[in-house]
1. Here is a check on your reading of the model: is residue 150 in contact (Cβ under 8 Å) with a residue 24 or more places away in the chain, surrounded by fewer than 20 Cβ atoms within 10 Å (Cβ to Cβ) and touching a helix residue (DSSP H, G or I) at 6+ places or on another chain (Cβ under 9 Å)?
2. When the residues of the stretch 118-128 are filtered to those that are of a type outside the set (Ser, Thr, Tyr) and surrounded by fewer than 20 Cβ atoms within 10 Å (Cβ to Cβ), which remaining residue is nearest to residue 96 (Cα to Cα)?
3. Where residues in the stretch 228-243 are more than 11 Å from residue 196 (Cα to Cα) and surrounded by 16 or more Cβ atoms within 10 Å (Cβ to Cβ), which of them is modelled with the highest pLDDT?
4. Just to verify a result, which residue in the stretch 163-198, among those that are small (Gly, Ala, Ser) and at negative phi, is surrounded by the fewest Cβ atoms within 10 Å (Cβ to Cβ)?
5. How many of the residues in the stretch 120-134 are assigned to a helix (DSSP H, G or I) and in contact (Cβ under 8 Å) with a residue 12 or more places away in the chain?
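The values are calculated or read from the model by the stated rules, or taken from the named source; none is laboratory data. Being a predicted model, the structure only gives us computed values, none of them experimental. Virtual Cβ from ideal backbone geometry, glycine too; neighbours counted across all protein chains shown.
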Amino acid sequence: MTDDSSPRVLIAGASGDTGTELLAVLRPTDLTVRATTRSYATVESLERLGADEVVVADFFEPGDAVAAVEGCDVVCCAVGTPPSYRHTVGGKLVDRTGVSNLLTAAVGEGVSHFVHESAIGVGSSRAGLPLPARLLIRGSLKAKGDAETAIRRSGIDYTIVRPGRLTNEPPNGEILVGEGGDSVAGSIPRADVARVMAAAPFTPDARNRTLEIASRDGLSGPPKRIVDVDWAFDRVEADRDRMRL
């Protein structure tokens, strides 16, 4: 049962690792959560994980993006290319084409905030990722960079989050936030990334910014350009025991 008066949040890529963590964060809240997946086989599992609505969508299809975004107030974009040679060679990737279609749909729908999961290593943060890794995933890094540029130019209110290497460790809350590209590097639990993404639309400090994030205990190298963001975790606070699936 959903409350039509509550803000509707779209989790694009809800069946992925970060997407399921977002579901864990948002399911105890008063927000209406719509999840997307590319497969009908995962619809029931997403409903069990707390999605109020599930839409099967292929974001390579603009019409699917429009249908997914319809009636949503916030978009949390956690789509990404699964492991394959395409991370190296690039080409038609959901990190670029899919995000672009989703962004266009969000602008057309009048979505109030677009939260995008990018990565340290993209654009001005390239120094935060070792050269061998950058070469290995150069295609997807370029695609993510193009998506970031499109978001900034779209006119929509946004928060771009660039996490370091993602882990499946429990959330620790010790999140360092940098801005300016060459700021922080290292690792961070996906659960902490999900908390940041969920809070971003309700955090004035995060509006229209591109932020790098890593865990204090996962840092590689000294942090630079640290910024203080007063994340609205209380707006999307989940019971800590429910934040792991």
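1. The answer is yes for residue 150.
2. 123
3. Going through the qualifying residues, I end up with 238.
4. Here the residue is 187.
5. Residues that pass the stated criteria total 8.
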